[in-house]
Amino acid sequence: MLSGNALTLCADKALYLGEIPATGWHRHAAPVLLLGLSGRFRLLLPAGRVETCHSALVDAGVEHVFDPQGERVALMYLEPDAPEVRRLRPVFARQGPVIGEPVPRSVSRWHTEQRLHSFDLPALLGRAGLPELQPVDPRVLRSLQRLREAGEGVPDRDALARSAHLSASRFNHLFSDELGVSFRSYRIWTQVRRAMAAYRPDGSLTEAALDGAFADSAHFSRMFRHTFGMTPSSVLRPLRAVNLLG
């Protein structure tokens with residue numbers, strides 16, 4: 001069984017396991033699977049909607065509050081160009097941007113944890129037969145690669161638009177149409193993700209902030225709260241491990 005808080009990141013997914021406090025209102029730039037490992041959690045949504053469930057899929061850009069209610073949880077974040085997300089697009093289109101109880105309860109906790117470790121989302125959802133969608137526009141894929149592989153700085157919209165031979169406004173539209181999230185939101189998401197990947201339990205948040213190309217730890221903290229509804233210290237300080245795959 002899993003114990004302690006741990007963060008695992010791979011090329012197009014990230015997994016946080018452990019106990020976290022209730023969040024404030026926030027919205028991600030990537031879809032997320034929320035899973036209660038020891039009990040049910042509460043999900044607050046606009047217009048006063050409240051869901052109490054063991055699992056939920058929340059699409060990118062959906063404002064929400066996540067309250068684990070003291071339970072141990074798994075949060076699997078999916079990059080918007082991940083194959084699994086492309087396969088889920090028609091599901092979100094049919095069922096809405098928030099899908100309650102997508103993970104069958106009949107699956108044992110041991111099997112659930114094994115599937116989490118291997119990032120086997122189709123097996124978790126019981127949706128292995130979903131067809132693949134058309135690939136992401138290659139200009140957008142190149143822009144994603146440049147964002148993710150940037151060194152000390154992070155390319156801005158104008159630089160990426162020029163490299164794609166598009167106007168800035170046309171690049172914005174293409175990016176959001178292909179990925180379901182605005183370029184600005186995703187650029188911040190990329191920086192936060194880079195900072196988390198750089199964090200070490202024996203290191204400092206300031207060092208992680210600089211690795212994420214933030215001006216300072218205060219800037220990192222503001223963007224982290226905007227992205228996750230929590231302070232970076234409340235999420236990262238309890239970590240026993242940060243694992244990077246691939």
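The values are calculated or read from the model by the stated rules, or taken from the named source; none is laboratory data. No experiment lies behind these values; they were computed from the predicted model shown. Cβ coordinates were reconstructed from backbone atoms using ideal geometry, including for glycine residues, and neighbour counts include every protein chain displayed. When the accessible area is computed, the model is the full protein with side chains, heavy atoms only, and any ligands, DNA or RNA have been set aside. Shrake-Rupley method; radii C 1.70, N 1.55, O 1.52, S 1.80 Å.
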Size descriptor, Kirkwood hydrodynamic radius, that averages inverse alpha-carbon separations across the stretch 1-72, Å: 12.9 Å
Within the chain, helix-based [θ] at 222 nm, where runs of 4 or more DSSP H residues each add -39,500 (n - 2.57), nearest 500: -11500 deg cm²/dmol
Mean Cβ neighbour count within 10 Å, used as a protection proxy, ranking 134-147, 168-181, 20-33 highest first: 20-33, 168-181, 134-147
Normalised convex hull volume, the stretch 5-125, alpha-carbon set, Å³ per residue: 100 Å³
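For the stretch 31-88, go through all pairs of different Cα atoms, get the mean of 1/r, take its inverse, and jot down that Kirkwood value in Å. Present the calculation step by step, with values, prior to reporting the outcome.
Numbers: mean 1/r = 0.0835 Å⁻¹.
Result for the stretch 31-88, one decimal place: 12.0 Å.
By DSSP, what percent of the beta bridges with both residues in the chain are antiparallel, rounded to the nearest 5? Write down the numbers at each step before the final one.
On the way: 31 of 36 bridges.
Of the beta bridges lying entirely in the chain, close to 85 percent run antiparallel.
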Dipole moment magnitude, nearest 20 debye, the chain about Cα centre, only Lys, Arg, Asp, Glu C-beta charged: 240 debye
Overall Cα dimensions of the stretch 194-246 - principal axes, largest extent first, Å: 26, 21, 20
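I'd like to verify something in the chain: which complete DSSP H helices, judged by Cα projection on the helix axis, reach 18 Å or more and average at least -0.5 on the Kyte-Doolittle scale?
The qualifying helices are 183-198.
Keeping every protein chain present and rolling a 1.4 Å probe, give me the accessible area per residue for the stretch 5-125 in Å².
Working: 4460 Å² over 121 residues.
I get 37 Å² per residue for this part.
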Evaluated at q = 0.18 Å⁻¹: base-10 log I(q)/I(0), Debye formula over Cα of the stretch 113-246: -1.12
Residue 94-residue 145 FRET efficiency (beta carbon distance; Förster radius 51 Å; 0.05 resolution): 0.95
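State the percentage of accessible surface on the chain attributable to carbon and sulfur atoms; use a 1.4 Å probe and exclude ligands, DNA and RNA.
Working: 5580 of 11150 Å².
Whole-percent figure for carbon plus sulfur exposure: 50.
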Rg(Cα)/(2.2 N^0.38 Å) for the chain, N = residue count: 0.98
Ordering of 51-57, 80-86, 100-106 by burial proxy (mean other Cβ atoms within 10 Å per residue, highest first): 80-86, 51-57, 100-106
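Translational diffusion coefficient of the stretch 135-202 at 4 °C, 1.567 mPa s, Stokes-Einstein with Kirkwood Rh over Cα pairs, in µm²/s as a whole number.
Values: Rh = 12.5 Å.
For these conditions, the coefficient is 104 µm²/s.
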Alpha-carbon centroid distance for the pair the stretch 162-186 / the stretch 1-80, whole angstrom: 27 Å
Selected from 42, 187, 162 as most flexible by GNM, with the chain as the system and alpha-carbon contacts under 10 Å: 162
